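Peer 1: Mind having a look at this structure? Questions to follow.
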Amino acid sequence: MYHMLLVRYGEISLKGKNRRRFEDALIRQMKLSLGDLPYGTIRKTFGRIYVSVSPETWRQAVEAIGRVFGVVSISPVVQVPLDMDALRATALTLGRKAPAGTFKIETKRVNKQFPMRTPEINYDLGGYVVTNTDHLTVDVHNPDIVINVEIRHEGAYLFSESIPALGGLPVSTSGRGLLLLSGGIDSPVAGFLSMKRGVTLEGLHFHSYPFTSQRAQEKVEELAKLLTPYNTKVQMRLWLCQFTEIQKALQQNPYPDLKITLMRRFMLRIADALARQRGILALITGDNLGQVASQTMHSIHTINAVTNLPVLRPLVTMDKQEIIDISRRIGTYETSILPYEDCCTVFVPKNPATRPKIAAAEEAESHMDVAGLVAEALANTQSKVITANDDDDIF
């Protein structure tokens, strides 16, 4: 019965003169997310967007639009002529679909030319619904459901559901970020939360074949694929960096307690160089303060010293269970826990330094050809464009 979706946005409405840019980005991302699903016109008014959809596929359209950051909620809507008989019939249909309980009619009369005033419409439709149903009673103060009626110039809209969506800002409105994507639980969640703030993602994964398996790389590609429905153009470029020679050099370093610190410094150096090549303005990691040795305040300070790009850490204040809950909700958890180790977990020393100093890290790196190793790793970096339908291009 539904021919239209009412899409609400929240934070965008607080924007000033550039609000239109955010609205256009939201509509653009909605169209990409809808893909091949049939839909008609997309029309925006202040604080909301109307999307004409097929009655046969409106549920799939709700699911697709619900994945778009910036959308706060969605209501499937019935549009009828400005006629009280049509309003009564549709209000009754919505009432009959509702579970037993209490209800009220709530009308917004944008079209002041409509002959009946708002209280009269509420009274008329409420009376009609309660008279013709056995499972509903009126409660205007705390109803179980609300049948909403909007009287506009082009017609009337009725709806009774409000399906929550993701909120946030449309992807692409906050610039581009390079996500250091491991095979664990944290980094995909960090990527998801960055996209929620309008960041377009590219991914960077470090692999150390033969120390890590091909299955570990495939796991990361699957994680990237699970994030693509939320990203700009519903795809993600994933960079795959061969990290083996750096791992071998780290194994020979005379400061084993600094191995993780040095490894992370190498990763940030490579990420910094790649980001600058790509015109990307920020790095993104799944770091969480105090979770492991490389995420203490001292470690973060020492690791960060190799880059002056902003390093965003969306998970920094969360506990592990909060991160796991989000990963389950976005569908990455089951893939993240597959038992294929990445290069961050394979080479963990027995007693990693938790309070490393920059001077100590620089002393340890003096025994290595840092610039040469970084250049070699960058030269052996390839990228894949990951899409949800396996249409991957390798560069």
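The values are calculated or read from the model by the stated rules, or taken from the named source; none is laboratory data. Only a predicted model underlies this, so the values are computations on that prediction, with no experimental measurement involved. Positions of Cβ are generated from backbone atoms using ideal geometry, with glycine treated the same way; all protein chains shown enter the neighbour counts.
Peer 1: Hey, among the residues in the range 263-316 that are of a type in the set (D, E, K, R) and under 25 Å from the mean Cα position of the chain (by Cα), which one's nearest to ALA249 (Cα to Cα)?
Peer 2: Looking at residues that are of a type in the set (D, E, K, R) and under 25 Å from the mean Cα position of the chain (by Cα), I get ASP272.
Peer 1: Could you please let me know if PRO164 is within 34 Å of the chain's Cα centre (by Cα), touching a residue at least 24 places away in the same chain (Cβ under 8 Å) and surrounded by fewer than 15 Cβ atoms within 10 Å (Cβ to Cβ)?
Peer 2: On the way: within 34 Å of the chain's Cα centre (by Cα): yes; touching a residue at least 24 places away in the same chain (Cβ under 8 Å): yes; surrounded by fewer than 15 Cβ atoms within 10 Å (Cβ to Cβ): yes.
In short, yes.
Peer 1: What pairs can you find where one residue is in the range 180-197 and on the phi < 0 side of the Ramachandran plot and crowded, with 24+ Cβ neighbours inside 10 Å, the other is assigned to a helix (DSSP H, G or I) and of a type in the set (D, E, K, R), and their Cβ atoms are less than 6 Å apart, with a gap of 6+ or different chains?
Peer 2: GLY183/LYS219
Peer 1: Out of the residues in the range 11-21 that are loosely packed, with under 13 Cβ neighbours inside 10 Å and part of a helix (DSSP H, G or I), which is modelled with the lowest pLDDT?
Peer 2: This residue is LEU14.
Peer 1: Would the range 103-123 turn up any residue that is of a type in the set (A, V, I, L, M, F, W, C), modelled with pLDDT of 95 or more and either in the same structural domain as ARG8 (by TED's automatic domain parsing) or exposed (fewer than 15 other Cβ atoms within 10 Å of the Cβ) (or both)?
Peer 2: The answer is no, given that none of the residues of the range 103-123 is of a type in the set (A, V, I, L, M, F, W, C), modelled with pLDDT of 95 or more and either in the same structural domain as ARG8 (by TED's automatic domain parsing) or exposed (fewer than 15 other Cβ atoms within 10 Å of the Cβ) (or both).
Peer 1: Looking at the range 124-150 only, could you name the residues that are modelled with pLDDT of 95 or more, in a strand (DSSP E or B) and either within 21 Å of SER75 (Cα to Cα) or out of contact with any Lys or Arg (no Cβ under 7 Å at 6 or more places or on another chain) (or both)?
Peer 2: Result: LEU136, THR137, ILE145, VAL146, ILE147, ASN148, VAL149.
Peer 1: Does the range 138-147 contain any residue that is surrounded by fewer than 22 Cβ atoms within 10 Å (Cβ to Cβ) and in contact with a His (Cβ under 6 Å, 6 or more places away or on another chain)?
Peer 2: Checked the range 138-147: no residue is surrounded by fewer than 22 Cβ atoms within 10 Å (Cβ to Cβ) and in contact with a His (Cβ under 6 Å, 6 or more places away or on another chain).
Peer 1: For the range 117-173, which positions are of a type in the set (Val, Ile, Thr) and under 12 Å from PHE103 (Cα atoms)?
Peer 2: Correct list: VAL129, VAL130, THR133, THR137, VAL138, VAL140, ILE145, VAL146, ILE147.
Peer 1: Taking interchain pairs and intrachain pairs at least six residues apart, which have beta carbon atoms under 7 angstrom, with the first residue in the range 298-313 and farther than 10 Å from LEU268 by Cα and the second among the small types (Gly, Ala, Ser) and crowded, with 18+ Cβ neighbours inside 10 Å?
Peer 2: What qualifies is SER299/ALA293; THR302/ALA361; LEU312/GLY177; LEU312/SER194.
Peer 1: Also: Hey, which of the strands (runs of 3 or more DSSP E) in the range 22-88, taking only ones fully inside, have at least 3 residues that are of a type in the set (S, T, N, Q) and within 15 Å of ARG8 (Cβ to Cβ)?
Peer 2: Where strands (runs of 3 or more DSSP E) fall fully within the range 22-88, none carries at least 3 residues being of a type in the set (S, T, N, Q) and within 15 Å of ARG8 (Cβ to Cβ).
Peer 1: Is there a residue in the range 213-235 that is surrounded by fewer than 23 Cβ atoms within 10 Å (Cβ to Cβ), part of a loop (DSSP other than H, G, I, E, B), in contact (Cβ under 8 Å) with a residue 24 or more places away in the chain and not assigned by TED's automatic domain parsing to the domain that holds LEU32?
Peer 2: Within the range 213-235, one or more residues are surrounded by fewer than 23 Cβ atoms within 10 Å (Cβ to Cβ), part of a loop (DSSP other than H, G, I, E, B), in contact (Cβ under 8 Å) with a residue 24 or more places away in the chain and not assigned by TED's automatic domain parsing to the domain that holds LEU32.
Peer 1: Right, next: So which residues in the range 24-72 are under 16 Å from LEU166 (Cβ atoms) and acidic (Asp, Glu), if there are any at all?
Peer 2: Passing the criteria: only GLU63.
Peer 1: Sticking with this one: Evaluate the range 222-239: report whether one residue or more is in contact with a His (Cβ under 7 Å, 6 or more places away or on another chain) and modelled with pLDDT under 95.
Peer 2: no
Peer 1: May I pose another question? Do we find that ILE270 is within 17 Å of CYS241 (Cα to Cα), surrounded by 21 or more Cβ atoms within 10 Å (Cβ to Cβ) and modelled with pLDDT of 95 or more in this structure?
Peer 2: Yes: the conditions hold for ILE270.
Peer 1: Follow-up. Assess whether LEU315 counts as being closer than 16 Å to PRO188 by Cα and assigned to a loop (DSSP other than H, G, I, E, B).
Peer 2: The answer is yes for LEU315.
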